[in-house]
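Worksheet for the structure shown next.
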């Protein structure tokens, strides 16, 4: 896999990443997309989401502060993205914590052909139908082998599944990648998961092998996280340094530090 | 009062703090809760707030960018919190500036058993029925003695009242604490008040003496603010250092620096 | 033009800047207003916007994440601002990208007497009726001379037009100012445009010559951007330093660095 080539494509093509996302990390999501070299746009009014998607190169849906109205906009935009054949990335934030989240995530998966479904272990576990516990937006527990859960769900839903955690699992039901980049400090700041999804959106906009795109995105994201940690004594500084590193990410660091393994 | 013990309890138990809050500081509120060692979750859809509250350990309500709809969600969540007997913390942002804010804050206080009511002097003054002026979300003037206002309102409403300012006043109508920690730079950045409320939420989740919990929270918050000031030449750096300090806050600093006085 | 005098007036009078803005940069907008010495308030509920505007000194409208509902609140607040004779500043974020944005910006311009209309080249181009392309919230292309477009639109609409870009153009249809302050790093972080509008709001609140106020605001904003760049190696640090500089901005830097030219 040539991660550097995908990253260079982003910086060259500056794909437009349309987000319908949550109000907590909406700024971070926009900022990280721009930092990686793509263009973010946030638009959620029913009256404009289809038109905005029609000029976009990828659609990122994130249910972190969902409402019934917002989900309607997501479905409208998602259907437009499907017609245009651009990737749709769904971040299933908080699935399992409330029925609304679980049901609405499933509704999106029924109504829209999602390309990449991302979540932590208990969010994906819940969508895969295995016993799981989500505490707010945190994974508490999942019954079963995560790799098998990812593979099975990917096969059933015919999409790429991304389970984030200490090690990220990426599978399209056939191939399985493990990404070991990242740093524990990333889990101490809010927004890491949402930003990772937005970065996956940027990579998927220029690389149609979505398993590859997701793995490459998470590796770059994690490398920036590792580089930032070297310079940071606590979380405030860490967040700042993380943005510094993601913006400055270069070939040398990526080639030296990337830890993606194809295990299947 | 053993502040350190309460802080350690938070880090151990990682209570879930459900927020229905404003769109300005929602990210800061989530981040500060995580920085102090608890888990934040932001959820405001009517269809899910009760279920989210039912797995939470405290509920933080903040009317900074209220709408009529959002208040309905707050009341639903608040009633659930009352049934579950978890603390409800209300930040009365902007009360006095518009009738909507004043009336809706009162409506919440009527419908929900609020545990801790927090505001600046003119917000609390307005709710206590004394002549006050709020300019947007800033306290301009209040007629009367703040300590007496806090005590009286606490007695009338049967809750803990927190008036923030250069010196914070905390009273349950019987005991009165004054917290003198903090730094003037805190008033130069947006979000300080909202974050303080979220931190109070984390402390109240593990310490049921709410006057104690609020005082301890404000002291920790203020100490981090003092430590950050030593290293900052302006507000951008200050905000970053503040998050560094709150995450790294330790026993030594707290015991040396805490300035809480029980005056009654 | 005495920029320093206007800035000092802001710090002295602390005008209240009422925003109805977008969910992406709402925190940045509030924070920059406070950093420059004014007071921000964000309030969008139909039931309170008129009352909030009635105690404000300027009204900033930003359609970055508009909904039909939000536009109704903007029109209500705008009409109140007109009655009170306080300046209304409109940031036409994303006009040209979707019909909703274009039509709603025009609707505001019809219903409300806007004092200052700001946008990038393609947003203003679209409102001026010349062939333009907006990609999300980015200017792609405009047919025609930007200075002439600004002048003509200013004359037709009887307001001050601000076109931001590498060089900012400010015109009331008669006078034309060019502001050359700024740094390319400002275009690499999200929120720069929105924050510039909020700062214009603070300047317009105390200086009724809106062409002057806008030029002075953009110059100060740009100078802070230049000062921050000297100390920053990447965008994370840059944003932090930018807030440091805008808070610390002084007479010496402004007088030495300001690059405003009156070309007409």
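Where a number appears in this text, it was derived from the coordinates with a stated rule and is not lab data. None of these values were measured; they are calculated from a predicted model. Positions of Cβ are generated from backbone atoms using ideal geometry, with glycine treated the same way; all protein chains shown enter the neighbour counts.
Return the ratio Rg/(2.2 N^0.38 Å) for the stretch C:102-148, where Rg is computed over Cα atoms only. List each step's numbers first, then the result.
Values: Rg = 10.9 Å, N = 47, 2.2 N^0.38 = 9.5 Å.
Compactness ratio reported: 1.14.
Given a Förster distance of 22 angstrom, what is the FRET efficiency for residue C:133 paired with residue A:85, based on the Cβ-Cβ distance and rounded to 0.05? Once rounded, the FRET efficiency stands at 0.50. Values of log10 I(q)/I(0) for the stretch C:208-264 across q = 0.29, 0.31 Å⁻¹ run -1.14, -1.21, by the Debye formula with one identical scatterer at each alpha carbon and no solvent. The residues B:118, C:113, when put in order of fewest to most other Cβ atoms within 10 Å, stand as C:113, B:118.
By the count of other C-beta atoms within 10 Å, a proxy for reagent exposure, C:244, B:99, A:91, C:175 are ordered fewest to most as B:99, C:175, C:244, A:91. Distance between the C-alpha centres of the stretch A:208-224 and the stretch B:35-77: 34 Å, rounded to the whole angstrom.
Report, for residue A:111, each distance to the same residue's label point in the other copies, shortest first and in nm; define the point 7 Å along Cα→Cβ. Residue A:111 label point versus its equivalents elsewhere: 2.7, 2.7 nm.
With N counted as the residues of the stretch A:109-175, its alpha-carbon radius of gyration over 2.2 N^0.38 Å works out to 1.01. Given 37 °C and 0.692 mPa s, compute D for the stretch B:1-96 with the Stokes-Einstein relation, Rh being the Kirkwood radius over Cα pairs; round to the nearest whole µm²/s. For these conditions, the coefficient is 240 µm²/s.
Each residue in B:101, A:157 was given a count of other beta-carbon atoms within 10 angstrom of its own, and listing them fewest first yields A:157, B:101. Taking every DSSP bridge with both residues inside the protein assembly as shown, close to 40 percent are antiparallel.
Here is the tail figure for the stretch A:119-217: Cα pairs spaced more than 21 Å apart come to 30 percent of all pairs.
Relative contact order of chain B: 19 percent, from C-alpha pairs under 8 Å at least 6 residues apart in sequence.
Taking every DSSP beta bridge that has both ends in chain A, the antiparallel portion is near 40%. The same position residue B:2 in the other copies lies at 6.2, 6.2 nm from this copy, comparing label points 7 Å beyond Cα toward the beta-carbon, shortest first. Convex hull volume of the C-alpha atoms in the stretch B:152-264, normalised per residue: 98 Å³.
Taken over the alpha carbons of the protein assembly as shown as equal point scatterers, the Debye sum produces base-10 log I(q)/I(0) values at 0.06, 0.09, 0.11 Å⁻¹ of -0.34, -0.81, -1.25. For the residues B:121, B:92, B:187, a GNM of chain B with alpha-carbon springs under 10 Å puts the largest fluctuation on B:187.
Our compactness index for chain C, the C-alpha radius of gyration over the empirical 2.2 N^0.38 Å, is 0.91.
Each other copy holds its own label point for residue A:250; taking that point as 7 Å from Cα along Cα to Cβ, the gaps run 3.6, 3.6 nm, nearest first. Each residue of the stretch C:78-121 gets 57 Å³ once the volume of the Cα convex hull is shared out per residue. Using a Gaussian network model of chain A in which every pair of alpha carbons under 10 angstrom is joined by a spring, one finds that among A:240, A:33, A:88 the greatest mean-square fluctuation is at A:240.
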